[in-house]
Amino acid sequence: MLTIPLSIIAQQKDFPKILNSKPDLETLISDLTTNSHMQQSVTDENNLTDSQKIWGLMQIWSTAKYNFVFFDQIPDFDWDAAVQSAIPKVLATSNTDDYYRVLRELAGPLDDAHTMVLPPGLFSGAYDNPPVEFEMIDGKVILVRMGDTEEIRAQNMYPGLELLEIDDIPVSDCLEQIRAYYYGGTRQWQEAFGMYFLLMGKPESEVKLKLRDTRDKISTVSLTRNAMKNSFQLRTYFMEPAVENRFIEDGIVYIKLNSFRPGNAADAFKAEFNKLNLDELKGMILDIRYNSGGSSDNSYDIISNLIDQPVEAARWKTRKYMPAYAAWGQPEEWHEGRMGTIEPSDGKHYTGPLVLLVGSLTASAAEDFVVPLDFSDRAMLIGSKTAGGTGNPMIINLPGGGIFMACSKKDYYPDGKEFVGYGIKPDISVQLTQKDILENRDPVLEKAVEVIKNWDQ
């Protein structure tokens with residue numbers, strides 16, 4: 001979810017009272033890239049037949065029409081009319097690339113983090129990025145990380161520079177082009193996740209960037225799209241190690257949860273957790289700012305070590321289409337459910353001051369992690385609003401090797417509060433600035449330490 005979320009069938013853990021573990025957006029692409037039937041390149045000159053084009057379009061139409069759960073959030077969007085207008089467009093395409101552009105533009109207005117068309121090139125190594133990472137900060141696209149390559153060193157690049165143009169195109173125009181394919185449900189997630197696509201292109205090709213420093217000095221650099229060769233990943237796709245931890249200062253432990261991906265996330269946390277002397281802890285900081293999900297069961301399993309009494313996980317609902325009722329003109333119904341109750345683990349528990357660091361890339365199963373801790377007032381949230389995108393996508397194969405995914409489950413707080421399509425607001429809002437990047441400061445983490453030191457005041 002790209003290294004996107006969702007093992008197509010989420011790996012289940014034996015976790016009492018928790019139901020409906022879901023595949024998540026962070027794991028999808030990495031899983032799909034291992035499937036041989038997905039390995040068709042977008043540069044394939046053999047165009048699809050008209051029958052294949054229409055069949056793919058109809059698959060998207062029917063999957064969304066009967067399964068997508070957020071039509072209520074886009075009341076002015078006529079899905080049937082949009083698909084009908086796409087028929088001549090798909091028939092007019094001359095290659096697979098153009099066909100998928102039409103499909104992606106069609107799905108974009110569904111406006112949900114787990115709903116999109118992904119073209120086959122993402123699964124075949126047809127794209128790469130240069131080894132740099134940008135973030136939207138103060139309304140600007142700011143360089144925040146970069147790989148240690150000879151090319152980068154030779155051009156005197158450093159974190160804090162503002163990106164103005166990409167191959168002579170204003171970066172604002174580039175972002176709007178991305179938004180045409182993927183609305184993302186919330187502006188904060190669309191902008192954050194859009195950074196993945198911003199510099200994407202053919203591997204080993206060059207991209208020209210115009211940059212500006214804080215003194216308005218303009219520079220132009222040329223970078224090679226070779227992040228994979230240089231083992232450079234955006235932080236939201238860090239999956240290993242699943243857990244990183246260190247002591248910030250005496251008695252305050254910082255634990256970064258990079259992913260809740262099925263497999264080892266909960267086990268990795270418990271291994272580090274069991275090494276801690278809980279009697280000596282003054283506070284715990286859990287950083288999930290760049291955690292875009294995995295398995296909800298993993299996130300709930302971790303919560304079980306942070307509570308001493310049961311807490312409620314999210315509620316959910318899905319559409320309940322009954323053909324006979326539709327024939328009788330009766331309105332469609334909803335089936336409602338609960339993720340269940342998270343019980344304290346059989347092992348030791350930490351019940352002291354707990355802070356969660358959250359941000360716009362906190363998504364999917366990571367938001368499932370936030371909800372019970374926030375609803376039960378077990379943790380304080382510091383940072384910026386979360387992505388506002390979780391759910392259970394239905395995934396179908398499309399002609400030519402791509403996929404369409406449509407969210408089939410609407411999640412919300414145990415008391416009915418909605419957060420999908422909006423994001424979860426932190427208790428204390430702290431925004432990163434360009435100056436922070438230049439000075440290599442983390443004001444969100446600094447605030448968390450301050451809060452823990454004054455927890456009882």
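Structure data summary
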read-out: Count - residues of the stretch 51-98 that are over 29 Å from Pro331 (Cα atoms), outside any loop (DSSP other than H, G, I, E, B) and in contact with a Lys or Arg (Cβ under 8 Å, 6 or more places away or on another chain); value: 2
read-out: Subset of the stretch 186-211 (residues that are surrounded by 18 or more Cβ atoms within 10 Å (Cβ to Cβ), at pLDDT 90 or above and out of contact with any strand residue (DSSP E or B) (no Cβ under 9 Å at 6 or more places or on another chain)); value: Thr186, Trp189, Gln190
read-out: Entirely in the stretch 313-423, the strands (runs of 3 or more DSSP E) that have 1 or more residues that are among the basic types (Lys, Arg) and more than 30 Å from Lys282 (Cβ to Cβ); value: 315-320, 333-338, 410-412
read-out: Single condition Thr386 does not satisfy, out of (1) crowded, with 24+ Cβ neighbours inside 10 Å; (2) under 22 Å from Ile252 (Cα atoms); (3) of a type outside the set (D, E, K, R); value: (2)
read-out: Conditions (1) touching a strand residue (DSSP E or B) at 6+ places or on another chain (Cβ under 6 Å); (2) at pLDDT 50 or above; (3) closer than 30 Å to Gly423 by Cβ: number failed by Gln59; value: (3)
read-out: Matching option when the condition is within 27 Å of Thr63 (Cβ to Cβ), surrounded by 17 or more Cβ atoms within 10 Å (Cβ to Cβ) and in contact with a strand residue (DSSP E or B) (Cβ under 9 Å, 6 or more places away or on another chain), among Phe369, Phe404; value: Phe404
read-out: Filter result for the condition that a residue is farther than 25 Å from Ile307 by Cα, charged (D, E, K, R), touching a Lys or Arg at 6+ places or on another chain (Cβ under 6 Å) and surrounded by fewer than 16 Cβ atoms within 10 Å (Cβ to Cβ), over Glu336, Glu439; value: Glu336
read-out: Unmet criterion (only one of (1) at pLDDT 95 or above; (2) buried (at least 20 other Cβ atoms within 10 Å of the Cβ); (3) closer than 24 Å to Ile342 by Cα) for Pro393; value: (1)
read-out: Residue match in the stretch 103-111 (condition: farther than 17 Å from Arg225 by Cα, in contact with a Gly (Cβ under 8 Å, 6 or more places away or on another chain) and aliphatic (A, V, I, L, M)); value: yes
read-out: Filter result for the condition that a residue is among the small types (Gly, Ala, Ser) and over 23 Å from the mean Cα position of the chain (by Cα), over Ala448, Ala406; value: Ala448
read-out: Enumerated helices (runs of 4 or more DSSP H) restricted to the stretch 128-221, each holding at least 1 residues that are under 30 Å from Phe70 (Cβ atoms) and not hydrophobic (A, V, I, L, M, F, W, C); value: 171-181, 187-198
read-out: Test for Met380: is it under 15 Å from the mean Cα position of the chain (by Cα) and not small (Gly, Ala, Ser); value: no
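The values are calculated or read from the model by the stated rules, or taken from the named source; none is laboratory data. None of the values given here were measured: they were computed from a predicted structure. FYI the Cβ positions are ideal-geometry reconstructions off the backbone, even for glycines, and counts take in every protein chain you see.
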